[in-house]
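Notes follow once the structure below has been shown.
Taken together, the values in this text are just the output of simple stated rules run on the coordinates, not laboratory data. Computed from a predicted structure; not experimentally measured. FYI the Cβ positions are ideal-geometry reconstructions off the backbone, even for glycines, and counts take in every protein chain you see.
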Amino acid sequence: MSVPVCADTIRTRFSHAMSAMYRDEVPLYGDLLSIVADVNRRVLADRPALAAELRARGELDRLDVERHGAIRLGTAAELAMMRRAFAVMGMWPVGYYDLSVAGVPVHSTAFRPVDEAALAANPFRIFTSLLRIELIEDAGLRAEAEAILANRRIFTDEAVRLIERAEAQGGLDEDDANRFVAELLETFRWHGDARVGADAYARLSAAHRLIADIVSFRGPHINHLTPRTLDIDAAQAEMQARGIDAKAVVEGPPPRAVPILLRQTSFKAIEEDVVFPGDQPGQHTARFGEIEQRGAALT
């Protein structure tokens, strides 16, 4: 193998490819990125001290990089292979979240870079949830969901081969790194042809809409990406002015002179056309566009 491509570089290429794919799949997300870019330009022009502070911290050049995305997996085997895929990009599981306490039948972690140099290069992370299938109360539906998930393969053969090659030789060369990004992207791509019938989809949705989202399709399509804004209230107002169906309020602490913690908002999940077996048309609602404004962490 020639000189391996740095994991940070592969992660950056992947995050850019993911963003471009999501803009194609959800055009409204492109509008959201445009709003964020306009707001950030105005804030930096109006607040030169903030611009200087961001530049000194090395954050100005990565301001337009999406900070995170989110996916939902169906089985432990899918999670195990996803962990190996993320490792190729220098992303490691950090934290544990049991969302069942909020009535959501998943538990989650965030795959992200962990050292300062990697975070400075590209902080992209993917919040990854795994279905807790034991929380499906109906035994028959639970068995049906297990059977459906057992028969799907979310990674291409080439993606698996490249993951194994990266593990065996300690990285990927230029050509393999580019192929890896393209092949792994297929795992996150939206496919509107459902793997279950309309009746099964309805029963899965009745149990929980996330169960239907996880079980009914070919793989863990990216369900949102999140760029960073420097003024989330201005971005929220601009979304509403353009007629985008945004959340009613910004979530998180109120605005303050020194921002703290995380504030976020989004446009609501869009309705997407799907086709059930037998060419039966339907609709699915899961994917949205989110923005965040990051304040100071507190101890």
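For the reader, a short list of remarks on this structure follows.
- Going through [x] 60, 52, 38; [y] 61, 38, 36; [z] 100, 36, 32, the figure that equals Cα extents along the principal axes in Å as computed for the structure here is [x].
- Think of it as helices only: each DSSP H run of n ≥ 4 in the chain is worth -39500 (n - 2.57), and spread over all residues that comes to -13500 deg cm²/dmol at 222 nm.
- The GNM of the chain, with springs linking C-alpha atoms under 10 angstrom apart, assigns the highest mean-square fluctuation among Ala198, Ala51, Ala182 to Ala51.
- Taking amide H as placed 1.01 Å from N in the peptide plane, the amide H of Arg287 sits under 5 Å from that of Ile270, each at least 5 places away or on another chain.
- Other residues with beta-carbon under 15 Å from the beta-carbon of Arg218 carry, at +1 per Lys or Arg and -1 per Asp or Glu, a net charge of -2.
- Magnitude of the charge dipole, the chain, Cβ model with Lys/Arg +1 and Asp/Glu -1, debye to 20: 640 debye
- Around Phe111: net Lys/Arg minus Asp/Glu count, Cβ-Cβ under 9 Å: +3
- Whole-angstrom gap from region 227-299 to region 165-202, using each part's C-alpha centre: 26 Å
- Counting other Cβ atoms within 10 Å as a rough exposure proxy, the listed residues Phe276, Phe14 run Phe276, Phe14 from fewest neighbours to most.
- Low-density loop positions, GluC sites (Glu not before Pro), region 250-298 - DSSP coil, at most 12 other Cβ in 10 Å: none
- Given charges at Cβ of Lys, Arg, Asp, Glu: region 7-294 dipole, positive-most of Met21, Val88, His221: Val88
- Highest GNM mean-square fluctuation among His224, His107, His68, for the chain modelled with Cα contacts below 10 Å: His107.
- Chain lengthening between Ala206 and Lys247 when straightened (0.36 nm per residue, less Cα-Cα): 12.4 nm
- Using only alpha-carbon positions in region 145-299, the gyration tensor eigenvalues give semi-axes of 33, 26, 14 Å once each is multiplied by 5 and square-rooted (largest first).
- Put the Cα centre of region 141-157 next to the Cα centre of region 1-79 and the gap is 31 Å.
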